[in-house]
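Worksheet: one structure, shown below.
The values are calculated or read from the model by the stated rules, or taken from the named source; none is laboratory data. Note that the structure is a prediction, hence the values are computed from the model and not measured. With ideal geometry, Cβ positions are generated from the backbone for all residues, glycine too; neighbour counts draw on all protein chains shown.
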Amino acid sequence: MIVYLSGPHDEDAAIESIFFAVLGYRLDVGSGGRTIRSMAQGTSESMVKISAGAVRDLRIPLPDLKDQEHLLSALDSVSSQLTKESAELVKLRRLKQGIVGDLLSGRGEMSTAAA
């Protein structure tokens, strides 16, 4: 999950948006997420809590701004491709279900000719 901030389109807002997007990524799948989960107190059956002090003292290394911009561009590209491929997979699964349903109900024929 990538977190984006919306707001004014000035340079400071753009830098802030990039920072939070990279931070969100690091917290979601990077080492930051593992660090935060290791600080959690409680069990899976109870409310898991993290102290404000632990979060305040958390140090998550981030690349410089230019590298963050490059990283976000790559992540956006991969995310876009993943979305397209996921939609295609859903279509193929529906098609498969339809074909199997037709074959099992006798509405369709299966060709024995070599393709």
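Take Thr43 and tell me if it is at pLDDT 80 or above and farther than 16 Å from Leu23 by Cβ.
Considered against the rule, which asks whether it is at pLDDT 80 or above and farther than 16 Å from Leu23 by Cβ, Thr43 comes out as no.
Given (1) at pLDDT 75 or above; (2) exposed (fewer than 14 other Cβ atoms within 10 Å of the Cβ), identify the lone condition not met by Pro61.
Just one mismatch for Pro61, condition (1).
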